[in-house]
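Read the structure below first, then the notes.
The values are calculated or read from the model by the stated rules, or taken from the named source; none is laboratory data. All values derive from a computational prediction rather than experimental measurement. Methodologically, a virtual Cβ is constructed for each residue, glycine included, from the backbone with ideal geometry; neighbour enumeration extends over all protein chains shown. The protein model used for the area step is the full one, side chains on, heavy atoms only, and it has no ligands, DNA or RNA in it. Shrake-Rupley method; radii C 1.70, N 1.55, O 1.52, S 1.80 Å.
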Amino acid sequence: MWGAAGVTHRPTVPAPEPDHVEHGPAHTNGSAHAGFRSGTQVDNHKNGFHPTALLRDFDRGRTSRLPGGRTLREWTLEAREQPIEVAPGVTYPGWTYNGRIPGPTLRATEGERLRITFVNSSAHAHTIHFHGLHAATMDGVAGIGLGLVQPGRRTVYEFDAEPFGLHLYHCHVSPLAAHIAKGLYGVFLIDPKDARAQADEMVMVMNGFDTDFDRSNEVYAVNTIPFAYMGEPVKVTSGELVRIYLVNVLEYDLINSFHVHGNFFDWYPTGTSLKPAEHTDTVMLCQGQRGIIEMRFGRQGRFMFHAHQSEFAELGWMGFFEAGCGPTRPCEGGA
């Protein structure tokens, strides 16, 4: 049986056992694997990326100086097909930037000149469309400027880093839903010239996968692998500032959400203002919406985070923060 782009349909991913949510993290078998209640694991090594590593992996590219002293920051992004195991025994025919889903988190500073060389090593025409400000010729849309990049070809996108905030990039080729759903997206972060306060920073890209190609997702996740942060919780230090760059690129569902237990956070929509818009424990986002979460864990222990759509959570979009002691916060109980 064949699906989109001539790929074999995979079996629908079974729902977790009913006691999954109530009985805490799934079983794991070493730090190289994400855990599932069934006892089987996703092979992150074979995938070529690890969800825990993706959290704090910021790609600042290569820098040089332009005449006049302005910083030029450069990256190379390569599109290629790559199978991704998104659940035990379920391999999805992904389309990737630089061999990972999501693609690299590109990080720059407001006012810099940015140059991105795009190499298309796949069998399909692709582009890169960047959210932010740029000339029409750099928009990554068919028929305008650089237009489609055919297989085996390359092109260069160049523009200024503006405005500061949290943005994203993705392929913009029709059928657009398929190109995004298959994995061609990533985070594009522009820091303000006056840097934000020091924090433990991480990126969370909310996504999912339609494993049987019926335009309905069978698995949901943050950073691609369902339940990854259940068996391997996100470690933070209680009392210290945590900053989460949260981006929703989920296809085939209108709304996604983020909810954290036992804590509240300041919410900065799109990150283009230095003043929070809300102090809350839950935010809702449509595709392409994003924002910055800032919070401090006042107590130590494990605190769950997940989508506040139960279906999404039960099919993989859930995890734990593990708030521990550190230099600024003694261990509770004298440990």
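Sort out which residues of segment 126-152 are closer than 29 Å to Leu55 by Cα and open to solvent by 10 Å² or more (accessible area, probe 1.4 Å), and write them in order of number. Before you say what the answer is, go through the steps one by one.
Filtering segment 126-152 down to residues closer than 29 Å to Leu55 by Cα leaves 126-134, 138-140.
Result: His129, His131, Gly132, Leu133, His134, Met138, Asp139.
Which of the residues spanning segment 71-128 are farther than 30 Å from Thr272 by Cα and among the acidic types (Asp, Glu)?
Scanning segment 71-128 gives Glu81, Glu85.
Could you identify the single residue in Gly132, Gly147 that is small (Gly, Ala, Ser), in a loop (DSSP other than H, G, I, E, B) and farther than 24 Å from Phe258 by Cβ? Outline the logic, then answer.
Numbers: Gly132 fails: farther than 24 Å from Phe258 by Cβ.
The match here is Gly147.
Residue-wise test of (1) of a type in the set (A, V, I, L, M, F, W, C); (2) in a strand (DSSP E or B); (3) touching a residue at least 40 places away in the same chain (Cβ under 8 Å).
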{"residue": "Arg299", "(1), (2), (3)": "no, no, yes"}
{"residue": "Met304", "(1), (2), (3)": "yes, yes, yes"}
{"residue": "His308", "(1), (2), (3)": "no, no, yes"}
{"residue": "Ala313", "(1), (2), (3)": "yes, no, yes"}
{"residue": "Gly316", "(1), (2), (3)": "no, no, yes"}
{"residue": "Phe321", "(1), (2), (3)": "yes, yes, yes"}
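Report the residue count in segment 203-227 for those that are assigned to a loop (DSSP other than H, G, I, E, B), in contact (Cβ under 8 Å) with a residue 60 or more places away in the chain and closer than 16 Å to Ala177 by Cβ.
Within segment 203-227, the first condition is being assigned to a loop (DSSP other than H, G, I, E, B), and the residues that meet it are 210-218, 223-227.
This time we only want the ones that are in contact (Cβ under 8 Å) with a residue 60 or more places away in the chain, so: 211-213, 217-218, 223-227.
Narrowing further to those that are closer than 16 Å to Ala177 by Cβ: 211-213, 217-218.
Qualifying residue count for the region: 5.
Can you pull out every residue in segment 273-310 that is among the basic types (Lys, Arg) and farther than 20 Å from Phe227 by Cβ? Write out each step before concluding.
Pass one, segment 273-310, residues among the basic types (Lys, Arg): 275, 290, 296, 299, 302.
Those that are among the basic types (Lys, Arg) and farther than 20 Å from Phe227 by Cβ: Lys275, Arg290, Arg296, Arg299.
To keep it simple, each residue is scored yes or no on (1) aliphatic (A, V, I, L, M); (2) at negative phi.
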position: Ala221; (1), (2): yes, yes
position: Pro226; (1), (2): no, yes
position: Ser257; (1), (2): no, yes
position: Phe265; (1), (2): no, yes
position: Tyr268; (1), (2): no, yes
position: Gly271; (1), (2): no, no
position: Asp281; (1), (2): no, yes
position: Ile292; (1), (2): yes, yes
position: Gln300; (1), (2): no, yes
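Per-residue answers, yes or no, for (1) buried (at least 18 other Cβ atoms within 10 Å of the Cβ); (2) under 23 Å from Asn44 (Cβ atoms); (3) of a type in the set (Gly, Ala, Ser):
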site	(1), (2), (3)
Met230	yes, yes, no
Ser238	yes, no, yes
Leu246	yes, yes, no
Pro276	no, no, no
His279	no, no, no
Phe305	yes, yes, no
Ser310	no, no, yes
Leu315	yes, yes, no
Cys325	no, no, no
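Looking at the structure I just gave you, is Ile225 open to solvent by 10 Å² or more (accessible area, probe 1.4 Å) and either within 15 Å of Trp317 (Cβ to Cβ) or in contact with a strand residue (DSSP E or B) (Cβ under 6 Å, 6 or more places away or on another chain) (or both)? Step through it out loud before you land on a result.
Values: open to solvent by 10 Å² or more (accessible area, probe 1.4 Å): no; either within 15 Å of Trp317 (Cβ to Cβ) or in contact with a strand residue (DSSP E or B) (Cβ under 6 Å, 6 or more places away or on another chain) (or both): yes.
Judged against the criteria, Ile225 is not a match.
Within segment 40-55, is even one residue at pLDDT 60 or above, over 16 Å from the mean Cα position of the chain (by Cα) and farther than 12 Å from Glu85 by Cβ?
The initial filter retains those residues of segment 40-55 that are at pLDDT 60 or above, namely 40-55.
From what's left, over 16 Å from the mean Cα position of the chain (by Cα): 40-43, 45-46.
Next cut, farther than 12 Å from Glu85 by Cβ only: none.
No, there is no match, as no residue in segment 40-55 is at pLDDT 60 or above, over 16 Å from the mean Cα position of the chain (by Cα) and farther than 12 Å from Glu85 by Cβ.
Which of the residues belonging to segment 190-206 are touching a Ser or Thr at 6+ places or on another chain (Cβ under 6 Å) and of a type outside the set (Val, Ile, Thr)?
First, pick out the residues of segment 190-206 that are touching a Ser or Thr at 6+ places or on another chain (Cβ under 6 Å): 191, 203.
If the condition is that a residue be touching a Ser or Thr at 6+ places or on another chain (Cβ under 6 Å) and of a type outside the set (Val, Ile, Thr), then Asp191 is the only one that fits.
From the list Ala195, Ala108, Ala125, which residue is at pLDDT below 95 and small (Gly, Ala, Ser)? So that I can check it myself, show each step before the final result.
On the way: Ala108 fails: at pLDDT below 95; Ala125 fails: at pLDDT below 95.
So the residue among Ala195, Ala108, Ala125 that is at pLDDT below 95 and small (Gly, Ala, Ser) is Ala195.
Is it true that Thr96 is within 24 Å of Val203 (Cβ to Cβ) and either part of a strand (DSSP E or B) or without any contact (Cβ under 8 Å) to a residue 12 or more places away in the chain (or both)?
Working: within 24 Å of Val203 (Cβ to Cβ): yes; either part of a strand (DSSP E or B) or without any contact (Cβ under 8 Å) to a residue 12 or more places away in the chain (or both): yes.
Yes: the conditions hold for Thr96.
Across segment 153-190, what is the number of residues that are surrounded by 19 or more Cβ atoms within 10 Å (Cβ to Cβ), more than 13 Å from the chain's Cα centre (by Cα) and within 12 Å of Gly271 (Cα to Cα)?
Residues in segment 153-190 being surrounded by 19 or more Cβ atoms within 10 Å (Cβ to Cβ), more than 13 Å from the chain's Cα centre (by Cα) and within 12 Å of Gly271 (Cα to Cα): 3 in total.
His129 versus (1) closer than 29 Å to Glu81 by Cα; (2) free of Cβ contacts under 8 Å to residues at least 24 places away in the same chain: which is the lone unmet condition?
Every listed condition holds for His129 apart from (2).
If we scan segment 255-269, do we find a residue that is under 15 Å from Tyr220 (Cβ atoms), modelled with pLDDT of 95 or more and assigned to a loop (DSSP other than H, G, I, E, B)? Lay out the reasoning, then the answer.
The initial filter retains those residues of segment 255-269 that are under 15 Å from Tyr220 (Cβ atoms), namely 255-259.
Still in the running and modelled with pLDDT of 95 or more: 255-259.
Retained after the next criterion (residues that are assigned to a loop (DSSP other than H, G, I, E, B)): 255.
So far as segment 255-269 goes, yes, one or more of its residues are under 15 Å from Tyr220 (Cβ atoms), modelled with pLDDT of 95 or more and assigned to a loop (DSSP other than H, G, I, E, B).
May I ask you to say which residue of Asp200, Asp194 is closer than 30 Å to Gly326 by Cβ and free of Cβ contacts under 8 Å to residues at least 40 places away in the same chain?
Details: Asp200 fails: free of Cβ contacts under 8 Å to residues at least 40 places away in the same chain.
When all the criteria are applied, what remains is Asp194.
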